[in-house]
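Student: Got a structure for you, questions after.
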Amino acid sequence: MQFLQFYSEDGRIRPGVAEADRIRMLGTETLLEYIALAPHERIAWHTGDTLPLAGARLAAPVIPRRNVFCVGRNYLEHAKEGADVFGKELKLPEVPTFFTKAPSAIADPGADVHLQAAVSSEYDYEAELGVVIGTRCKDVREADALGVIFGYTCVNDVTARDLQRAHLQWFKGKSLDETCPIGPWIVSADEFHASDGINHAQHLAIGMEINGVQKQHSSTEKMIFSIPRLIAELSKGMTLEPGDVIATGTPEGVGFARKPPEFLRDGDVMEIEIEKIGTLRNRVRIR
Ligand code: MG
């Protein structure tokens, strides 16, 4: 199922679930509230009201109560291209490099993202598979990790590279307003987690096009730390909450590592496509 949020006629954001060409409205205030319900309680909140999906203006499917969790360098080829740019020897981490983006950076699918030329001259894109947590959990074992996932979405980890370098912590360069497009919806975990234990979310084509030209193209099977391992590591001694989002890292082909570097320009259209999920499209506006 595709869970989404959309703008109703009164301008409020409402949660829903896509059913063919319709949106079935959910009775909770937000999708976050729905995700926080126990799984057996959720179906009671599917209302009888529907509206056409075509023409609906979608909102980011979830705004977590706290920062979006991210993983740096989780694809080997991306780690290599980064090391090349800085002339460093490639040294892979033994545990995932977690950092976060402020929830205030989240942007809607389909929306223009407004960036400031005075703040950065090196805005860059990063296509990532987003994991949405569905169950409050801590100290999750890898073998149990798929059970705490609500679903999967696309995340664009837009980054101001010059700020990322200037500030030793990445937080500032990763948290500017509108630099975290999410969506277009969350596809529920049952569509990926097969009964034979295979996690199909770990075998998805993932790509980024800029103005229709492919810049990133990989597969989520190339992650250095698998999705269960990321959840196990992040939840060690730290409670994860329903609606928490983990952006699982980007593959190679980002702008700063291209020769010559290709940073985002005003008017550029960024399109992340992830198999079985869909396309997250945003136009860049730089003023
Ligand atoms: Mg990233």
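The values are calculated or read from the model by the stated rules, or taken from the named source; none is laboratory data. Keep in mind that what you see is a predicted model, and the values were worked out from it rather than measured. Using ideal geometry, Cβ is built from the backbone for each residue, glycine included, and neighbour counts are taken over all protein chains shown. Note: accessible area is taken over every heavy atom of the protein model, side chains too, but ligands, DNA and RNA are not part of it. Shrake-Rupley method; radii C 1.70, N 1.55, O 1.52, S 1.80 Å.
Student: Would you kindly derive the ³J(HN,Hα) couplings of the stretch 22-37 from the backbone phi angles with the Karplus curve 6.51 cos²θ - 1.76 cosθ + 1.60 (θ = phi - 60°), listing them in order in whole Hz, with x for Gly and Pro?
Tutor: Going residue by residue, I get 10, 10, 8, 6, 9, x, 7, 5, 9, 5, 4, 4, 5, 4, 6, 5 Hz, with x marking Gly and Pro.
Student: Based on Cα positions only, what radius of gyration and what Dmax would you give for the chain, in angstroms?
Tutor: In Å, with Rg to one decimal and Dmax whole: 18.2, 59.
Student: Hey, which lysines would be in cross-link range of residue 101, C-alpha to C-alpha under 26 Å, not counting anything within fewer than 8 residues on its own chain?
Tutor: 80, 88, 91, 138, 172, 174, 215, 222, 236, 276
Student: Moving to a separate point now. For the stretch 20-166, I need the span (max minus min coordinate) of the C-alpha atoms along each principal axis, in Å, sorted largest to smallest.
Tutor: Answer, in whole Å and largest first: 59, 42, 26 Å.
Student: Based on the Cα atoms of the stretch 153-287, what semi-axes does the equivalent ellipsoid have, where each is the square root of 5 times one gyration tensor eigenvalue, given in whole Å with the largest first?
Tutor: 26, 19, 14
Student: Same structure, new question: Can you give the accessible area per residue of the stretch 62-286, in Å², using a 1.4 Å probe?
Tutor: Using a 1.4 Å probe on heavy atoms only, each residue of the stretch 62-286 averages 42 Å².
Student: When the dipole is taken about the Cα centre of the stretch 208-287, and only Lys, Arg (+1) and Asp, Glu (-1) are charged at their Cβ, what size is it in debye, to the nearest 20? Could you put the intermediate results ahead of the total?
Tutor: Details: 12 positive and 12 negative charges, 54 e Å.
Around 260 debye, computed over the stretch 208-287.
Student: In Å², and per residue, what accessible area does the stretch 2-58 have when probed at 1.4 Å with the other protein chains present?
Tutor: About 55 Å² of surface per residue is accessible.
Student: Could you order 86, 225, 263, 256 by accessible surface area, starting with the largest, using a probe radius of 1.4 Å?
Tutor: The most accessible residue leads, giving 86, 263, 256, 225.
Student: Classify the stretch 65-127: rounded, prolate or oblate, from the alpha-carbon gyration tensor (a ≥ b ≥ c, eigenvalue square roots; a/c under 1.5 rounded; otherwise prolate if a/b is larger than b/c)?
Tutor: Taking the square roots of the gyration eigenvalues as a ≥ b ≥ c, the stretch 65-127 is oblate.
Student: In the stretch 1-155, carbon and sulfur make up what percent of the accessible area (probe 1.4 Å)?
Tutor: C and S fraction of accessible area: 52 percent.
Student: So, one more: Any number yet on Rg/Rh for the stretch 2-58, C-alpha, Kirkwood?
Tutor: 0.95
Student: In percent, what relative contact order does the stretch 62-286 have, based on Cα pairs under 8 Å that are 6 or more apart in sequence? Present the calculation step by step, with values, prior to reporting the outcome.
Tutor: Values: 547 pairs, mean separation 73.7, N = 225.
Reported relative contact order: 33 percent.
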